[in-house]
Amino acid sequence: MTPFGERVRALREGKSVTLKQMAADLHISSAYLSALEHGKRGQPSAQLVRQICAYFGIIWDEAEELERLADLSHPRVTVDTAGLTPKATKLANRLAERIHDLDDGTLDRLLLLLDEAPARGGAAVRRRAAPRRR
């Protein structure tokens, strides 16, 4: 499940709305909505995020948070370490190898470390994950 999918499911359950009902109201298939919730589909479009916000009456900061979660919810992330140090490439590869073995406490600690680390150039840069080419 992705952070976006987890939040949408919580919103749905909080309003006692079934997946089928929400999908019908948004004019999307229930299979697609289920796949989004379970992280089996890529990031939702900005339009769909806005539709979901309108559907639940979400505005301002909460809407921005849902958009941010959508940006962080690509289930297949590609990390480009070209031009970075060998240590950065090693980290990316080790994380890819071990991500399935990490418990919630370890994930929380790693996320905290990343959140506390200064961004290069002094400004935080958020990039959309590139789709993995097969």
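Remarks
- Note on the chain: helix-only mean residue ellipticity at 222 nm, from DSSP H runs of 4+ residues weighted -39500 (n - 2.57) and normalised by residue number, equals -17500 deg cm²/dmol.
- Taking the 1.4 Å solvent-accessible surface of the chain as the whole, the part contributed by carbon and sulfur is 53%.
- In order along region 80-95, phi translates into HN-Hα couplings of 8, 9, 4, x, 9, 6, x, 5, 5, 5, 4, 4, 4, 6, 5, 4 Hz, rounded to whole numbers, per the Karplus curve 6.51 cos²θ - 1.76 cosθ + 1.60 with θ = phi - 60° and x for Gly and Pro.
- Binned Cα-Cα distance frequencies in the chain - 10 Å width, integer %: 10, 36, 32, 18, 4
- A 1.4 Å probe, protein heavy atoms only, puts the accessible area of LYS90 near 130 Å².
- Rounded tilt (10° steps) of 60-71 against the dominant C-alpha axis of the chain: 60
- Here the 3J(HN,Hα) profile of region 97-102, calculated from phi with Karplus coefficients 6.51, -1.76 and 1.60 at θ = phi - 60°, is 5, 9, 3, 6, 9, 7 Hz, Gly and Pro shown as x.
- Relative frequency of Cα-Cα separations exceeding 15 Å in region 3-72, percent: 46
- Accessible area per residue for the chain is 75 Å², calculated with a 1.4 Å probe on protein heavy atoms, without ligands, DNA or RNA.
- 5 angstrom amide H check on THR2, placed H, neighbours 5+ away: GLY39
The values are calculated or read from the model by the stated rules, or taken from the named source; none is laboratory data. Note that the structure is predicted; figures quoted are calculated from it, not measured. Note: areas computed on protein heavy atoms with side chains; ligands, DNA, RNA excluded. Shrake-Rupley method; radii C 1.70, N 1.55, O 1.52, S 1.80 Å.
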